[in-house]
Amino acid sequence: MLVQFLKKEKFRWLKLSLLYLILSFLLMFPLLGTPGFFGGWDQSFHLNRIVDLTANLRHLHPISFINTTAFSQIGLAVNTFYPYLTLLPFAILHLIIPSLTLSVNLGLTALLFTNFICAHIAMTRFTKLAYQDNSVNRPIIFAIAYGLSGYYIFNLIVRFDLGECLVMMILPIFAVGLYDILLGDWRHWYWFVFSATTIAYSHLLSTVIIAFITVIIVLCSFFKMDHRRQRLLTLCKSSLFILINTLFLLIPLITTASKVDVTSPKLGSLSKQAMSGFSAFVLSTGNVINPKEATHGVNLGIIILASILICTICFKRLSKLGKKMYICGMFAFFLCTFFFPWKFFDHTPIRILQHPWRLLIFVNLFMAGCLSDFLTQLNKRTWQIVSLILMITVTFSTIFIYTSRTELKYPTARLEKLTMQTKYMDYEPVKSHSYLNKIEKHQGTIDGRKYVFNERTPLPDGMLYHIPLASHEQKLDVPFLDYGNLTVSAQNIRLPSHVSKRGTLCSSVPANSNSISIHYQTPVSFKIAAAISFSGILFYFYLWFKFRTKE
(Lines give C-alpha, C1' and ligand atoms only; values in the text may rest on other atoms or scores of the structure.)
Protein backbone atom coordinates (compact mmCIF):
# COMPACT_ATOMS: atom_id res chain seq x y z
CA MET A 1 0.00 0.00 0.00
CA LEU A 2 2.90 2.38 0.82
CA VAL A 3 4.48 1.70 -2.59
CA GLN A 4 1.23 2.56 -4.35
CA PHE A 5 0.98 5.69 -2.22
CA LEU A 6 4.44 6.90 -3.25
CA LYS A 7 3.82 6.13 -6.93
CA LYS A 8 1.03 8.66 -7.12
CA GLU A 9 1.88 11.76 -9.15
CA LYS A 10 0.76 14.22 -6.49
CA PHE A 11 3.32 12.81 -4.03
CA ARG A 12 6.25 13.40 -6.38
CA TRP A 13 7.33 16.51 -4.46
CA LEU A 14 7.29 14.59 -1.21
CA LYS A 15 9.60 11.95 -2.66
CA LEU A 16 11.93 14.50 -4.24
CA SER A 17 12.13 16.54 -1.05
CA LEU A 18 12.92 13.40 0.92
CA LEU A 19 15.60 12.49 -1.64
CA TYR A 20 17.27 15.91 -1.33
CA LEU A 21 17.02 15.83 2.47
CA ILE A 22 18.68 12.41 2.71
CA LEU A 23 21.32 13.48 0.21
CA SER A 24 22.07 16.65 2.22
CA PHE A 25 22.57 14.71 5.45
CA LEU A 26 24.64 12.05 3.68
CA LEU A 27 27.01 14.60 2.16
CA MET A 28 27.31 16.65 5.35
CA PHE A 29 27.68 13.63 7.63
CA PRO A 30 31.51 13.96 7.92
CA LEU A 31 31.07 17.57 9.01
CA LEU A 32 28.23 16.90 11.45
CA GLY A 33 30.51 14.71 13.53
CA THR A 34 33.37 17.23 13.65
CA PRO A 35 33.99 18.55 17.22
CA GLY A 36 34.89 22.12 16.29
CA PHE A 37 35.74 24.35 13.33
CA PHE A 38 38.61 24.45 10.87
CA GLY A 39 38.98 28.23 10.98
CA GLY A 40 37.95 28.83 7.38
CA TRP A 41 38.65 32.05 5.53
CA ASP A 42 35.44 33.87 6.56
CA GLN A 43 34.46 31.50 9.35
CA SER A 44 35.37 33.76 12.24
CA PHE A 45 33.49 36.69 10.70
CA HIS A 46 30.22 34.82 10.17
CA LEU A 47 30.37 32.91 13.47
CA ASN A 48 30.72 36.24 15.26
CA ARG A 49 27.58 37.39 13.48
CA ILE A 50 25.66 34.24 14.42
CA VAL A 51 26.71 34.44 18.09
CA ASP A 52 25.70 38.11 18.24
CA LEU A 53 22.31 37.43 16.64
CA THR A 54 21.69 34.53 19.02
CA ALA A 55 22.41 36.71 22.05
CA ASN A 56 20.00 39.34 20.72
CA LEU A 57 17.28 36.73 20.18
CA ARG A 58 17.66 35.62 23.80
CA HIS A 59 16.71 39.21 24.70
CA LEU A 60 13.84 39.09 22.14
CA HIS A 61 15.71 41.71 20.13
CA PRO A 62 16.03 40.39 16.53
CA ILE A 63 16.73 43.81 14.99
CA SER A 64 20.09 45.41 15.81
CA PHE A 65 22.48 47.82 14.13
CA ILE A 66 25.71 47.36 16.08
CA ASN A 67 27.40 44.24 17.43
CA THR A 68 28.05 44.12 21.16
CA THR A 69 28.20 40.45 22.15
CA ALA A 70 30.75 39.42 19.50
CA PHE A 71 33.40 41.21 17.40
CA SER A 72 35.44 41.89 20.56
CA GLN A 73 32.46 43.68 22.14
CA ILE A 74 33.49 47.12 20.86
CA GLY A 75 30.23 48.15 19.17
CA LEU A 76 31.29 47.38 15.58
CA ALA A 77 28.45 48.30 13.18
CA VAL A 78 28.64 45.15 11.06
CA ASN A 79 24.85 44.76 11.06
CA THR A 80 24.47 48.23 9.56
CA PHE A 81 26.83 47.58 6.66
CA TYR A 82 26.46 43.83 6.09
CA PRO A 83 22.96 42.28 5.73
CA TYR A 84 22.14 39.90 8.55
CA LEU A 85 18.44 38.95 8.51
CA THR A 86 19.02 35.87 6.32
CA LEU A 87 21.36 34.57 9.04
CA LEU A 88 18.51 34.45 11.57
CA PRO A 89 17.80 30.72 10.85
CA PHE A 90 21.36 29.93 12.04
CA ALA A 91 20.80 32.01 15.19
CA ILE A 92 17.46 30.30 15.86
CA LEU A 93 19.12 26.89 15.50
CA HIS A 94 21.82 27.93 17.97
CA LEU A 95 19.12 29.21 20.31
CA ILE A 96 17.53 25.74 20.27
CA ILE A 97 20.77 23.72 20.19
CA PRO A 98 23.39 24.95 22.71
CA SER A 99 26.30 23.39 20.79
CA LEU A 100 27.49 26.03 18.33
CA THR A 101 29.31 23.42 16.23
CA LEU A 102 26.27 21.17 15.83
CA SER A 103 23.80 24.02 15.29
CA VAL A 104 25.95 25.70 12.62
CA ASN A 105 26.66 22.44 10.79
CA LEU A 106 22.95 21.59 10.86
CA GLY A 107 22.38 25.07 9.42
CA LEU A 108 24.84 24.30 6.61
CA THR A 109 22.98 21.04 5.95
CA ALA A 110 19.68 22.93 5.77
CA LEU A 111 21.32 25.44 3.42
CA LEU A 112 22.47 22.64 1.09
CA PHE A 113 18.98 21.10 1.18
CA THR A 114 17.36 24.46 0.37
CA ASN A 115 19.84 24.93 -2.47
CA PHE A 116 18.68 21.63 -4.00
CA ILE A 117 15.02 22.63 -3.62
CA CYS A 118 15.47 26.12 -5.11
CA ALA A 119 17.48 24.77 -8.05
CA HIS A 120 14.84 22.09 -8.71
CA ILE A 121 11.95 24.57 -8.56
CA ALA A 122 13.76 26.97 -10.88
CA MET A 123 14.60 24.34 -13.49
CA THR A 124 11.07 22.89 -13.31
CA ARG A 125 9.68 26.32 -14.18
CA PHE A 126 12.34 26.90 -16.85
CA THR A 127 11.60 23.49 -18.39
CA LYS A 128 7.94 24.41 -18.82
CA LEU A 129 8.76 27.87 -20.16
CA ALA A 130 11.70 27.28 -22.46
CA TYR A 131 11.63 23.56 -23.26
CA GLN A 132 7.84 23.33 -23.11
CA ASP A 133 7.82 19.89 -21.50
CA ASN A 134 7.39 18.43 -18.02
CA SER A 135 10.66 16.54 -17.72
CA VAL A 136 11.56 15.55 -14.16
CA ASN A 137 15.06 14.39 -15.06
CA ARG A 138 16.29 17.81 -16.15
CA PRO A 139 15.46 19.54 -12.80
CA ILE A 140 16.99 16.68 -10.77
CA ILE A 141 20.23 16.67 -12.79
CA PHE A 142 20.46 20.47 -12.61
CA ALA A 143 19.75 20.59 -8.86
CA ILE A 144 22.46 18.06 -8.02
CA ALA A 145 25.06 19.43 -10.49
CA TYR A 146 24.47 23.01 -9.29
CA GLY A 147 24.22 22.14 -5.59
CA LEU A 148 27.41 20.09 -5.64
CA SER A 149 29.46 22.43 -7.84
CA GLY A 150 32.98 22.93 -6.54
CA TYR A 151 32.69 26.65 -5.88
CA TYR A 152 29.49 26.24 -3.85
CA ILE A 153 30.92 23.42 -1.73
CA PHE A 154 34.12 25.45 -1.27
CA ASN A 155 32.11 28.44 -0.03
CA LEU A 156 29.97 26.25 2.21
CA ILE A 157 32.66 24.09 3.82
CA VAL A 158 36.05 25.78 3.48
CA ARG A 159 35.66 29.49 2.87
CA PHE A 160 32.48 29.59 4.97
CA ASP A 161 31.07 32.56 3.07
CA LEU A 162 27.44 32.25 4.16
CA GLY A 163 26.41 35.44 2.37
CA GLU A 164 27.54 34.18 -1.03
CA CYS A 165 26.13 30.70 -0.31
CA LEU A 166 22.72 32.25 0.31
CA VAL A 167 23.01 34.20 -2.94
CA MET A 168 23.95 31.06 -4.88
CA MET A 169 21.02 29.25 -3.28
CA ILE A 170 18.46 31.73 -4.63
CA LEU A 171 20.23 32.65 -7.91
CA PRO A 172 18.43 30.01 -10.08
CA ILE A 173 15.05 31.37 -8.90
CA PHE A 174 16.23 34.89 -9.74
CA ALA A 175 17.40 33.82 -13.22
CA VAL A 176 14.10 32.14 -14.07
CA GLY A 177 12.12 35.04 -12.56
CA LEU A 178 14.00 37.46 -14.83
CA TYR A 179 13.44 35.14 -17.83
CA ASP A 180 9.72 35.11 -17.03
CA ILE A 181 9.52 38.90 -17.10
CA LEU A 182 11.60 39.37 -20.25
CA LEU A 183 10.64 36.38 -22.40
CA GLY A 184 8.14 34.22 -20.52
CA ASP A 185 4.94 35.01 -18.63
CA TRP A 186 5.47 38.43 -17.05
CA ARG A 187 2.56 37.81 -14.66
CA HIS A 188 4.94 35.55 -12.69
CA TRP A 189 7.06 38.55 -11.61
CA TYR A 190 6.71 37.48 -7.95
CA TRP A 191 9.64 35.04 -8.13
CA PHE A 192 11.89 37.81 -9.41
CA VAL A 193 10.98 40.18 -6.57
CA PHE A 194 11.26 37.46 -3.91
CA SER A 195 14.67 36.25 -5.09
CA ALA A 196 16.11 39.74 -5.64
CA THR A 197 15.02 40.82 -2.15
CA THR A 198 16.58 37.69 -0.64
CA ILE A 199 19.84 38.35 -2.52
CA ALA A 200 19.94 41.94 -1.24
CA TYR A 201 19.42 40.77 2.34
CA SER A 202 22.21 38.19 1.99
CA HIS A 203 25.22 39.84 0.33
CA LEU A 204 25.50 43.44 -0.89
CA LEU A 205 28.47 42.93 -3.21
CA SER A 206 26.73 40.05 -5.00
CA THR A 207 23.65 42.28 -5.26
CA VAL A 208 25.68 44.95 -7.07
CA ILE A 209 27.24 42.36 -9.41
CA ILE A 210 23.90 40.70 -10.20
CA ALA A 211 22.19 44.08 -10.73
CA PHE A 212 24.92 45.04 -13.23
CA ILE A 213 24.55 41.72 -15.08
CA THR A 214 20.75 42.14 -15.06
CA VAL A 215 21.00 45.53 -16.79
CA ILE A 216 23.17 43.97 -19.51
CA ILE A 217 20.70 41.08 -19.96
CA VAL A 218 17.74 43.48 -20.21
CA LEU A 219 19.54 45.54 -22.87
CA CYS A 220 20.47 42.41 -24.84
CA SER A 221 16.89 41.09 -24.65
CA PHE A 222 15.21 44.38 -25.57
CA PHE A 223 14.67 43.64 -29.27
CA LYS A 224 13.63 40.03 -28.64
CA MET A 225 10.74 40.98 -26.37
CA ASP A 226 7.14 40.71 -27.42
CA HIS A 227 4.64 42.88 -25.52
CA ARG A 228 7.64 45.12 -24.83
CA ARG A 229 5.72 47.88 -23.07
CA GLN A 230 4.03 45.47 -20.66
CA ARG A 231 7.25 43.65 -19.86
CA LEU A 232 9.20 46.83 -19.20
CA LEU A 233 6.39 48.15 -16.98
CA THR A 234 6.44 44.87 -15.06
CA LEU A 235 10.22 45.15 -14.67
CA CYS A 236 9.85 48.72 -13.35
CA LYS A 237 7.09 47.64 -10.96
CA SER A 238 9.23 44.75 -9.72
CA SER A 239 12.23 47.04 -9.24
CA LEU A 240 10.08 49.45 -7.20
CA PHE A 241 8.94 46.59 -4.97
CA ILE A 242 12.54 45.48 -4.47
CA LEU A 243 13.55 49.03 -3.56
CA ILE A 244 10.71 49.34 -1.03
CA ASN A 245 11.47 45.92 0.45
CA THR A 246 15.12 46.80 0.98
CA LEU A 247 14.73 50.33 2.41
CA PHE A 248 15.27 48.79 5.85
CA LEU A 249 18.73 47.78 4.63
CA LEU A 250 19.59 50.83 2.51
CA ILE A 251 18.57 53.74 4.74
CA PRO A 252 20.75 52.74 7.78
CA LEU A 253 23.69 51.96 5.48
CA ILE A 254 23.51 55.23 3.52
CA THR A 255 22.74 57.39 6.57
CA THR A 256 25.55 55.96 8.71
CA ALA A 257 28.08 56.04 5.85
CA SER A 258 27.26 59.71 5.23
CA LYS A 259 27.96 60.57 8.89
CA VAL A 260 31.00 58.41 9.60
CA ASP A 261 33.88 57.59 7.30
CA VAL A 262 34.31 53.82 7.68
CA THR A 263 36.87 51.39 6.34
CA SER A 264 35.63 49.26 3.46
CA PRO A 265 36.63 45.68 2.66
CA LYS A 266 40.17 45.55 1.28
CA LEU A 267 40.40 45.99 -2.49
CA GLY A 268 43.34 44.23 -4.11
CA SER A 269 44.44 43.89 -7.70
CA LEU A 270 41.82 42.27 -9.93
CA SER A 271 44.50 40.99 -12.30
CA LYS A 272 46.37 39.27 -9.45
CA GLN A 273 43.21 37.70 -8.07
CA ALA A 274 42.05 36.28 -11.42
CA MET A 275 42.23 32.50 -11.73
CA SER A 276 45.36 31.06 -13.30
CA GLY A 277 45.32 28.14 -15.70
CA PHE A 278 46.64 25.97 -12.87
CA SER A 279 43.80 26.78 -10.48
CA ALA A 280 41.20 26.75 -13.26
CA PHE A 281 42.09 23.31 -14.59
CA VAL A 282 44.66 21.38 -12.56
CA LEU A 283 43.14 22.07 -9.14
CA SER A 284 39.65 21.45 -10.53
CA THR A 285 40.53 17.96 -11.68
CA GLY A 286 41.07 16.93 -8.07
CA ASN A 287 38.11 18.91 -6.73
CA VAL A 288 40.72 20.60 -4.52
CA ILE A 289 39.36 22.73 -1.68
CA ASN A 290 42.63 23.72 -0.02
CA PRO A 291 42.68 27.47 0.74
CA LYS A 292 46.50 27.43 0.72
CA GLU A 293 46.60 26.68 -3.00
CA ALA A 294 46.69 29.27 -5.81
CA THR A 295 43.97 31.99 -5.62
CA HIS A 296 43.05 30.69 -2.15
CA GLY A 297 42.13 27.27 -3.56
CA VAL A 298 39.18 28.59 -5.55
CA ASN A 299 38.53 26.46 -8.62
CA LEU A 300 35.73 25.15 -10.82
CA GLY A 301 35.50 21.78 -9.13
CA ILE A 302 35.51 18.53 -11.05
CA ILE A 303 31.74 18.52 -11.72
CA ILE A 304 31.66 21.87 -13.51
CA LEU A 305 35.00 21.14 -15.21
CA ALA A 306 33.54 17.86 -16.50
CA SER A 307 30.45 19.76 -17.66
CA ILE A 308 32.65 22.14 -19.67
CA LEU A 309 34.64 19.32 -21.25
CA ILE A 310 31.59 17.16 -22.06
CA CYS A 311 29.56 20.04 -23.46
CA THR A 312 32.54 21.28 -25.51
CA ILE A 313 33.08 17.86 -27.08
CA CYS A 314 29.36 17.21 -27.56
CA PHE A 315 28.34 20.78 -28.43
CA LYS A 316 26.33 19.65 -31.47
CA ARG A 317 24.21 17.37 -29.28
CA LEU A 318 23.02 20.28 -27.16
CA SER A 319 19.65 21.88 -27.78
CA LYS A 320 19.45 25.49 -28.96
CA LEU A 321 18.95 26.58 -25.36
CA GLY A 322 21.79 24.35 -24.21
CA LYS A 323 24.14 26.01 -26.69
CA LYS A 324 23.15 29.46 -25.42
CA MET A 325 23.80 28.39 -21.82
CA TYR A 326 27.16 26.95 -22.86
CA ILE A 327 28.22 30.23 -24.52
CA CYS A 328 27.12 32.26 -21.47
CA GLY A 329 28.89 29.86 -19.10
CA MET A 330 32.13 29.90 -21.07
CA PHE A 331 32.09 33.69 -21.31
CA ALA A 332 31.61 33.93 -17.52
CA PHE A 333 34.48 31.45 -17.09
CA PHE A 334 36.69 33.56 -19.37
CA LEU A 335 35.96 36.60 -17.15
CA CYS A 336 37.10 34.64 -14.08
CA THR A 337 40.56 33.97 -15.49
CA PHE A 338 43.74 35.96 -16.14
CA PHE A 339 43.00 35.65 -19.89
CA PHE A 340 40.67 38.62 -19.50
CA PRO A 341 42.68 41.90 -19.29
CA TRP A 342 41.73 42.75 -15.72
CA LYS A 343 44.81 44.94 -15.29
CA PHE A 344 43.01 47.71 -17.19
CA PHE A 345 40.31 47.75 -14.50
CA ASP A 346 42.58 47.71 -11.43
CA HIS A 347 42.09 51.44 -10.87
CA THR A 348 38.39 51.74 -11.78
CA PRO A 349 35.19 51.40 -9.71
CA ILE A 350 35.00 47.79 -10.97
CA ARG A 351 37.64 47.03 -8.31
CA ILE A 352 34.71 46.59 -5.94
CA LEU A 353 34.42 43.09 -7.42
CA GLN A 354 37.60 42.25 -5.40
CA HIS A 355 38.03 38.81 -6.96
CA PRO A 356 37.12 38.01 -10.60
CA TRP A 357 36.41 34.43 -9.56
CA ARG A 358 33.26 35.68 -7.82
CA LEU A 359 31.73 35.32 -11.29
CA LEU A 360 31.98 31.55 -10.86
CA ILE A 361 28.42 31.77 -9.52
CA PHE A 362 27.32 32.35 -13.13
CA VAL A 363 29.62 29.64 -14.48
CA ASN A 364 27.99 27.19 -12.07
CA LEU A 365 24.50 28.32 -13.06
CA PHE A 366 24.95 28.07 -16.82
CA MET A 367 27.17 24.98 -16.96
CA ALA A 368 24.95 23.00 -14.58
CA GLY A 369 22.05 23.96 -16.87
CA CYS A 370 24.11 22.93 -19.87
CA LEU A 371 24.95 19.53 -18.35
CA SER A 372 21.29 18.89 -17.49
CA ASP A 373 20.41 19.79 -21.09
CA PHE A 374 22.98 17.35 -22.50
CA LEU A 375 22.07 14.41 -20.25
CA THR A 376 18.35 14.95 -20.87
CA GLN A 377 18.88 15.19 -24.65
CA LEU A 378 20.96 12.02 -24.46
CA ASN A 379 17.84 10.29 -23.12
CA LYS A 380 19.73 7.36 -21.59
CA ARG A 381 18.51 6.72 -18.07
CA THR A 382 21.53 4.58 -17.12
CA TRP A 383 23.96 7.34 -18.06
CA GLN A 384 21.94 9.87 -16.11
CA ILE A 385 21.91 7.71 -12.97
CA VAL A 386 25.63 6.93 -13.25
CA SER A 387 26.40 10.65 -13.68
CA LEU A 388 24.41 11.55 -10.57
CA ILE A 389 26.07 8.80 -8.53
CA LEU A 390 29.51 10.00 -9.63
CA MET A 391 28.69 13.60 -8.64
CA ILE A 392 27.49 12.51 -5.21
CA THR A 393 30.45 10.16 -4.67
CA VAL A 394 33.04 12.77 -5.67
CA THR A 395 31.51 15.42 -3.40
CA PHE A 396 31.18 13.08 -0.42
CA SER A 397 34.79 11.95 -0.87
CA THR A 398 35.97 15.57 -1.06
CA ILE A 399 34.16 16.56 2.14
CA PHE A 400 35.31 13.38 3.92
CA ILE A 401 38.96 13.91 2.94
CA TYR A 402 38.83 17.57 3.95
CA THR A 403 37.29 16.90 7.38
CA SER A 404 39.56 13.94 8.14
CA ARG A 405 42.86 15.45 7.02
CA THR A 406 42.51 19.15 7.84
CA GLU A 407 43.75 20.40 11.17
CA LEU A 408 40.95 21.31 13.57
CA LYS A 409 42.13 24.81 14.55
CA TYR A 410 39.25 25.52 16.89
CA PRO A 411 38.01 22.50 18.85
CA THR A 412 34.96 22.99 21.05
CA ALA A 413 37.08 24.02 24.06
CA ARG A 414 38.61 26.96 22.14
CA LEU A 415 35.52 28.31 20.42
CA GLU A 416 35.34 31.52 22.45
CA LYS A 417 38.38 32.93 20.66
CA LEU A 418 36.81 32.24 17.27
CA THR A 419 33.37 33.59 18.12
CA MET A 420 34.26 36.69 20.13
CA GLN A 421 36.78 38.26 17.78
CA THR A 422 37.88 38.02 14.17
CA LYS A 423 41.23 38.02 12.42
CA TYR A 424 40.34 41.19 10.57
CA MET A 425 37.89 44.02 11.04
CA ASP A 426 35.90 45.95 8.46
CA TYR A 427 33.48 48.83 8.79
CA GLU A 428 35.20 50.45 11.79
CA PRO A 429 35.53 54.27 11.69
CA VAL A 430 38.60 55.29 9.70
CA LYS A 431 39.92 57.34 12.63
CA SER A 432 39.79 54.14 14.77
CA HIS A 433 41.92 52.08 12.41
CA SER A 434 45.33 52.88 13.88
CA TYR A 435 44.00 52.41 17.44
CA LEU A 436 42.03 49.25 16.74
CA ASN A 437 44.46 46.88 18.44
CA LYS A 438 44.15 48.73 21.75
CA ILE A 439 40.39 49.17 21.36
CA GLU A 440 39.96 45.42 20.81
CA LYS A 441 41.87 44.85 24.07
CA HIS A 442 39.36 47.21 25.75
CA GLN A 443 41.93 49.84 26.58
CA GLY A 444 40.58 53.30 27.34
CA THR A 445 41.20 56.10 29.78
CA ILE A 446 39.72 57.45 32.99
CA ASP A 447 40.76 61.02 33.69
CA GLY A 448 43.54 60.64 31.12
CA ARG A 449 45.01 57.54 32.76
CA LYS A 450 45.08 54.20 30.97
CA TYR A 451 42.34 51.82 32.09
CA VAL A 452 41.27 48.40 30.79
CA PHE A 453 37.48 48.06 30.81
CA ASN A 454 37.30 44.34 31.54
CA GLU A 455 34.13 44.51 33.64
CA ARG A 456 31.34 44.95 31.11
CA THR A 457 27.95 43.50 30.30
CA PRO A 458 26.94 43.38 26.61
CA LEU A 459 23.34 44.22 25.80
CA PRO A 460 21.45 44.30 22.48
CA ASP A 461 22.64 47.48 20.75
CA GLY A 462 24.40 48.59 23.92
CA MET A 463 26.97 48.01 26.66
CA LEU A 464 27.14 48.41 30.43
CA TYR A 465 30.62 49.26 31.71
CA HIS A 466 31.48 48.89 35.41
CA ILE A 467 33.97 51.51 36.57
CA PRO A 468 35.82 52.29 39.83
CA LEU A 469 33.79 54.35 42.28
CA ALA A 470 35.11 57.90 42.76
CA SER A 471 34.04 60.88 44.84
CA HIS A 472 34.52 63.25 41.92
CA GLU A 473 33.38 63.55 38.32
CA GLN A 474 35.36 61.26 35.98
CA LYS A 475 36.17 61.77 32.30
CA LEU A 476 35.99 58.50 30.36
CA ASP A 477 37.17 57.40 26.95
CA VAL A 478 35.59 53.95 26.63
CA PRO A 479 36.62 51.38 23.98
CA PHE A 480 33.27 51.59 22.22
CA LEU A 481 33.10 52.73 18.59
CA ASP A 482 30.96 55.81 17.99
CA TYR A 483 28.91 55.85 14.77
CA GLY A 484 26.55 58.47 16.17
CA ASN A 485 23.10 57.91 17.73
CA LEU A 486 24.63 56.73 21.02
CA THR A 487 22.98 57.67 24.31
CA VAL A 488 25.00 57.57 27.52
CA SER A 489 23.63 57.42 31.05
CA ALA A 490 24.81 56.92 34.62
CA GLN A 491 22.67 56.83 37.77
CA ASN A 492 19.63 57.06 35.45
CA ILE A 493 20.86 60.47 34.24
CA ARG A 494 21.45 61.02 30.54
CA LEU A 495 24.95 62.39 29.94
CA PRO A 496 26.47 64.45 27.11
CA SER A 497 29.09 62.67 25.01
CA HIS A 498 31.42 63.24 22.08
CA VAL A 499 33.71 61.29 19.77
CA SER A 500 37.37 60.90 20.75
CA LYS A 501 40.32 61.22 18.37
CA ARG A 502 40.34 57.43 18.06
CA GLY A 503 36.65 57.24 17.06
CA THR A 504 35.44 55.98 20.42
CA LEU A 505 32.90 57.42 22.83
CA CYS A 506 33.90 60.00 25.46
CA SER A 507 31.78 61.19 28.35
CA SER A 508 31.99 62.56 31.89
CA VAL A 509 30.21 60.65 34.64
CA PRO A 510 29.01 62.14 37.95
CA ALA A 511 30.69 61.43 41.26
CA ASN A 512 29.85 58.13 43.03
CA SER A 513 29.01 56.39 39.74
CA ASN A 514 30.05 52.75 39.49
CA SER A 515 28.79 52.12 35.96
CA ILE A 516 28.06 53.78 32.64
CA SER A 517 25.42 52.59 30.19
CA ILE A 518 25.73 53.05 26.42
CA HIS A 519 22.84 52.41 24.08
CA TYR A 520 22.37 52.82 20.34
CA GLN A 521 19.29 54.96 19.84
CA THR A 522 17.62 53.85 16.60
CA PRO A 523 16.94 56.96 14.47
CA VAL A 524 13.36 57.71 13.42
CA SER A 525 14.39 57.41 9.75
CA PHE A 526 15.48 53.80 10.38
CA LYS A 527 12.13 53.00 11.99
CA ILE A 528 10.21 54.58 9.12
CA ALA A 529 12.30 52.63 6.60
CA ALA A 530 11.63 49.40 8.51
CA ALA A 531 7.87 50.14 8.61
CA ILE A 532 7.78 50.86 4.87
CA SER A 533 9.77 47.71 4.03
CA PHE A 534 7.64 45.53 6.29
CA SER A 535 4.44 46.96 4.80
CA GLY A 536 5.82 46.50 1.28
CA ILE A 537 6.72 42.85 1.97
CA LEU A 538 3.25 42.16 3.42
CA PHE A 539 1.56 43.81 0.42
CA TYR A 540 3.80 41.83 -1.94
CA PHE A 541 2.81 38.51 -0.32
CA TYR A 542 -0.85 39.56 -0.43
CA LEU A 543 -0.60 40.16 -4.20
CA TRP A 544 1.27 36.86 -4.68
CA PHE A 545 -1.32 34.92 -2.69
CA LYS A 546 -4.14 36.61 -4.63
CA PHE A 547 -2.46 35.72 -7.95
CA ARG A 548 -1.88 32.11 -6.91
CA THR A 549 -5.51 31.79 -5.81
CA LYS A 550 -6.78 33.06 -9.17
CA GLU A 551 -4.34 30.86 -11.08
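The values are calculated or read from the model by the stated rules, or taken from the named source; none is laboratory data. Since this is a predicted model, take the numbers as computed values, not measurements. Note: ideal-geometry Cβ built from the backbone for every residue, glycine included; neighbour counts use all protein chains shown. Each accessible area value is taken on the protein alone, full model and side chains, heavy atoms only, with ligands, DNA and RNA left out. Shrake-Rupley method; radii C 1.70, N 1.55, O 1.52, S 1.80 Å.
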## Note on the structure
Of the candidates Gly277, Tyr82, Thr263, the farthest towards the positive dipole end of the chain (Lys/Arg Cβ +1, Asp/Glu Cβ -1, centred on the Cα centre) is Gly277
### Message
With the cut-off at 27 Å, tell me which of the pairs Lys323/Lys343; Lys259/Lys409; Lys409/Lys441 have Cα atoms farther apart than that.
### Response
Lys323/Lys343; Lys259/Lys409
### Query
So how far apart, in nm, are the two label points at Asn454 and Ile528 if each is 7 Å from Cα heading toward Cβ?
4.7
### Message
With the cut-off at 31 Å, tell me which of the pairs Lys15/Lys417; Lys438/Lys527; Lys417/Lys501 have Cα atoms farther apart than that.
### Response
Lys15/Lys417; Lys438/Lys527
### Task
Compute the FRET efficiency between Trp383 and Ile217 as 1/(1 + (r/R0)^6), taking r as their Cβ-Cβ distance and R0 = 30 Å, and round to the nearest 0.05.
0.40
### Task
Keeping all protein chains in place, calculate the accessible area per residue for the chain (probe 1.4 angstrom), answer in Å².
46
#### Entry: Relative contact order (%) - the chain, alpha-carbon pairs under 8 angstrom, separation at least six
19
### Message
On a straight-distance basis, which aspartates and glutamates could pair with Lys380 in a cross-link, Cα separation under 19 angstrom, same-chain partners fewer than 8 positions away excluded?
### Response
Asp133
### Task
Write down Rg/Rh for the chain, rounded to two decimals, with Rg from the C-alpha atoms and Rh from the Kirkwood relation over Cα pairs.
1.00
### Amide H partners (placed H, <5 Å) of Glu428, local residues excluded
Thr263
### Query
If one computes the Cα centroid of the stretch 456-477 and of the stretch 201-228, what distance in Å separates the two points?
50
### Query
Taking K and R as +1 and D and E as -1, what net charge do the other residues with C-beta under 11 Å from the C-beta of Pro460 add up to?
-1
### Added length on full extension, which subtracts the Cα-Cα distance from 0.36 nm per residue, Met225 to Ser535
108.4 nm
### Message
Could you give each residue of the stretch 358-368 its phi-based ³J(HN,Hα) in whole Hz, using Karplus coefficients 6.51, -1.76, 1.60 with θ = phi - 60°, and x for Gly or Pro?
### Response
4, 6, 4, 4, 7, 4, 4, 4, 6, 6, 5
### Query
Measuring from the lowest to the highest alpha carbon on each principal axis, how far does the stretch 1-152 reach, largest first, in angstroms?
57, 34, 32
